[in-house]
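To start, the structure itself, in structure tokens.
Read-outs throughout are calculated quantities, based only on the coordinates presented, and are distinct from any laboratory measurement. Just so it is clear, the structure is predicted and the values come from calculations on it, not from any experiment. Every residue, glycine as well, gets a Cβ built from its backbone with ideal geometry; the counts of neighbours run over all protein chains shown.
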Amino acid sequence: MERNIKTGTRPNLRTKQFSTLHIEIFEQILISGKTNWELNKQFGYTKRSHCIVDHSRRVMYKLLALEKLTREENIEKVIYPRIYKFWWKRLLDSHKEALLAKAIQAVYYEEINAPKIVNENAVFYL
């Protein structure tokens, strides 16, 4: 029984709301200097997944709302966050406590299809 690699490598995130994972991903975009592909790999998403971008934009939109800035005026800063990373980092540092107060702790589903090896000849999926 072979597992689908695309679904097998994704983190099974149970929380669909704004979580601490969103903030962590956005921080990594600003400070790590890694590409989206590298961040996808680091967080367990597929190489071409759009989750890193979606999660980070969610944080950026919340930061804009906290600063009472419009999306339309700052769309270039949202599209290219690495170019404006010092601006975003300043906003994140000033509003991090407010974001963490709104964010819930990220919860993952337990891995239910993990293979259980009974002996060398038999592998069972529970």
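Summary table below
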read-out: For the range 14-73, alpha-carbon Rg and Dmax in angstrom; value: 12.2, 34
read-out: 59, 53 arranged by Cβ crowding within 10 Å, fewest neighbours leading; value: 53, 59
read-out: Long pairs among 16/102; 34/77; 16/89, criterion Cα-Cα beyond 21 Å; value: 16/89
read-out: Sequence ranges 38-44, 93-99, ranked by mean other-Cβ count within 10 angstrom, highest first; value: 38-44, 93-99
